[in-house]
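The values are calculated or read from the model by the stated rules, or taken from the named source; none is laboratory data. Bear in mind that the values here come from a model prediction, so they are computed numbers and not experimental data. Cβ placement follows ideal geometry from the backbone for every residue including glycine, while neighbour counts extend to all protein chains displayed.
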Amino acid sequence: MKANLQHKQRVIQIVFIVASVLLLFKAFQLQLLDTTFHERAQATAVNKHVLYPSRGLIYDRNQKLLVNNNAMYDLMVTYNQIDKNMDTLRFCKLLNITRETFEKNLNKDFRRNNRFSVRKPFVFLKKISAENYASFQESLHEFPGFFVQVRNVRGYPRKNAAHVLGYLSEVNQNQINASEKIYARGDYIGVTGLEHEYESELRGKKGLSLVLKDNHGRVVGPYKAGELDSVAISGKDLISSLDIELQSYGEELLVNKIGSIVAIEPSSGEILAMISAPTYDPNLLSINRKRGEAFDALLGDSLKPFLDRAVMAKYPPGSIFKPILSLISFEEGVSHPNRYISCNGGYYYKDLHVGCHPHGPVYNVQSAIEHSCNAYYCTVLRDIVDKHSFYKPQEGLADLVAHLEDFGLGKPLGVDIPSEGTGNIPTPAYYDYLYPQKDGGWKSTTIISIGIGQGEIEMTTLQMANLAAIIANRGSYYTPHLVKGFLNDDAEIPVQYRTLKQVKINAEHFGPVIEGMERVVKSGTAQNAKIKDITICGKTGTSQNPHGKDHSVFFAFAPKENPKIAIAVYVEHGVWGARYGAPIASLMIEKYLKGAIDPSRKYLEERMLKADLISEP
């Protein structure tokens with residue numbers, strides 16, 4: 001028994017001796033041979049450094065660069081790592097800031113404001129230019145607790161297409177909360193234009209670098225040898241449908257004018273140019289310290305340069321509505337292409353008179369469109385609305401509205417930029433409200449003005465251009481869009497822009513209407529739009545303005561066979577369609593199809609470029 005006890009004691013002693021030797025060896029190794037433990041023991045924090053991706057670039061249809069990235073630097077600070085004896089005067093001088101700015105940016109209400117912590121980095125100074133950073137970075141090591149975070153901000157090699165491209169802005173708290181941790185305070189997001197619509201494709205994905213720091217703020221090394229780090233993934237480069245040369249030319253033509261131009265490739269629905277005037281240089285709203293001042297100036301401008309008139313403004317279309325009304329009247333069986341309607345200076349019904357300009361006889365729809373006869377289209381409008389009965393205009397108007405909605409009117413077409421307007425197509429319910437039955441109600445004669453594109457009917461310039469594309473295609477269209485694809489990426493554009501739509505008009509009805517539009521340019525109201533060797537089919541419009549000069553409207557497509565471009569031009573206070581709308585549209589068509597303006601038409605180009613409808617009384 002005693003021997004057994006002694007044996008157990010000896011085993012325990014051996015175990016203690018071996019354990020002691022191992023512990024001594026480990027201590028020797030950690031303290032003298034391996035410095036890793038010492039360094040990690042000194043570390044007081046693991047700092048998370050967000051790696052911001054390059055935002056996707058934007059190109060035009062010919063891969064000319066429209067939007068690039070420029071480096072911008074945010075100076076970050078961790079308050080409890082600052083050297084209290086730092087040379088503040090030198091620091092401020094290097095950054096070109098005042099001592100007051102230094103104190104304001106550094107001293108936060110750490111107790112009450114949970115946005116800031118003495119232990120976590122926060123932004124000390126935003127939007128440091130590359131030039132300022134270049135002179136500061138050499139001395140950055142002198143100021144513990146401060147480090148630089150690099151971001152990419154937008155730059156614009158061309159001063160065009162501001163409304164289409166859009167701009168970025170810092171995210172607000174609601175956007176952060178709704179983003180499921182995609183965005184954090186200080187991030188930027190697309191607010192308007194393509195930047196907004198394709199934010200998820202353009203923004204890329206953030207990376208993360210975990211860095212171990214000691215109690216003096218010095219970098220010890222990557223946390224866990226970088227096992228938890230992730231790289232930033234750049235956003236996709238977007239190829240827009242714009243032809244930047246055509247876009248730029250259109251913007252020049254609309255200088256000192258208020259209005260808009262939209263040009264579409266009929267075979268694809270791709271928007272070749274989308275211009276709103278007045279416009280602005282997109283570089284003014286790039287992320288820089290003067291951005292706020294520029295934004296306020298644009299916002300306060302009485303000409304409203306922020307208003308995208310191409311998709312937001314609602315305009316009476318005027319006489320460009322007449323070809324559409326012709327097509328509907330044929331489909332409804334209330335009229336036919338060879339119909340003769342007399343015009344004796346306008347349309348007359350009891351006390352109602354709608355005037356018309358002098359023109360030759362109207363033997364058919366071709367001549368009606370050629371001469372833009374108001375008497376013809378007031379008659380056609382009444383025939384459609386009174387189809388069921390003069391005393392049941394609601395039924396006839398409902399048929400008309402159904403066709404117009406089928407043409408994409410009275411609702412957003414679905415273009416890929418935000419804030420698209422609806423235009424306005426008045427319904428039977430609207431007129432029932434406007435003219436109650438107890439007061440006599442309404443009849444086709446009450447709403448006669450919509451037959452010539454006036455009254456309550458309104459469209460966006462985009463909708464007008466799409467109507468031209470529908471006629472060019474003889475009844476079909478793709479939803480107009482601004483994305484053509486993604487550079488070096490097989491991703492398809494959204495399905496709604498790849499889906500062909502067909503209006504409910506028999507294809508045979510388009511021939512006479514197109515011939516009438518051809519005559520408008522050859523021998524009718526828009527002869528100044530003729531281009532040698534190119535057959536343009538178009539229609540002028542004069543949109544009545546009760547508050548001043550009438551507006552100039554024109555829509556067209558060219559060539560007649562296998563059309564390459566459909567276009568709508570709307571010039572506010574341009575008096576009549578042939579004065580500004582038709583010449584500008586024809587110059588745009590010639591520029592796109594031929595690449596240059598023929599010397600014989602340079603006089604017309606110069607007149608459009610020099611015309612000033614803003615300074616004019």
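Things worth noting here:
- Looking only at segment 332-391, and only at residues there that are within 40 Å of the chain's Cα centre (by Cα) and of a type in the set (D, E, K, R), the one that is surrounded by the most Cβ atoms within 10 Å (Cβ to Cβ): Glu370
- Taking segment 545-561 as the range and being over 17 Å from Lys257 (Cβ atoms) and either touching a Pro at 6+ places or on another chain (Cβ under 7 Å) or part of a strand (DSSP E or B) (or both) as the test, the residues that pass are Phe555, Ala556, Phe557, Ala558.
- Of residues in segment 57-85 being in a loop (DSSP other than H, G, I, E, B) and at pLDDT 90 or above, the one surrounded by the most Cβ atoms within 10 Å (Cβ to Cβ): Asp60
- The single condition among (1) closer than 16 Å to Leu254 by Cβ; (2) in a strand (DSSP E or B) that Ile589 does not satisfy is (2).
- Yes/no for Gly414 being closer than 21 Å to His163 by Cβ, part of a loop (DSSP other than H, G, I, E, B) and within 26 Å of the chain's Cα centre (by Cα): yes
- Segment 137-227 holds strands (runs of 3 or more DSSP E) entirely within its bounds, and those carrying 1 or more residues that are surrounded by 14 or more Cβ atoms within 10 Å (Cβ to Cβ), of a type in the set (Val, Ile, Thr) and free of Cβ contacts under 8 Å to residues at least 24 places away in the same chain map to 188-190.
- Enumeration of residues in segment 122-136 that are in contact with a helix residue (DSSP H, G or I) (Cβ under 9 Å, 6 or more places away or on another chain) and either assigned to a loop (DSSP other than H, G, I, E, B) or among the small types (Gly, Ala, Ser) (or both): Ser135
- In segment 517-537, the residues that are in a helix (DSSP H, G or I) and in contact with a Pro (Cβ under 7 Å, 6 or more places away or on another chain): Met517, Asn528, Ala529
- Residue match in segment 309-329 (condition: touching a Pro at 6+ places or on another chain (Cβ under 9 Å), in the same structural domain as Cys373 (by TED's automatic domain parsing) and more than 21 Å from Leu413 (Cα to Cα)): yes
Matching residues to (1) touching a strand residue (DSSP E or B) at 6+ places or on another chain (Cβ under 8 Å); (2) assigned to a loop (DSSP other than H, G, I, E, B); (3) in the same structural domain as Glu331 (by TED's automatic domain parsing):
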site: Ile505; (1), (2), (3): no, yes, yes
site: Val569; (1), (2), (3): yes, no, yes
site: Val575; (1), (2), (3): yes, yes, yes
site: Ile584; (1), (2), (3): yes, no, yes
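- Options Lys522, Lys484, Lys504; residue that is free of Cβ contacts under 8 Å to residues at least 12 places away in the same chain and either closer than 27 Å to Asn364 by Cβ or under 21 Å from the mean Cα position of the chain (by Cα) (or both): Lys522
- Filter result for Ala472 (at pLDDT 95 or above and out of contact with any strand residue (DSSP E or B) (no Cβ under 9 Å at 6 or more places or on another chain)): no
- Applying the criterion of being part of a helix (DSSP H, G or I) and of a type outside the set (D, E, K, R) to the residues of segment 236-259, the residue that is surrounded by the most Cβ atoms within 10 Å (Cβ to Cβ) is Gly250.
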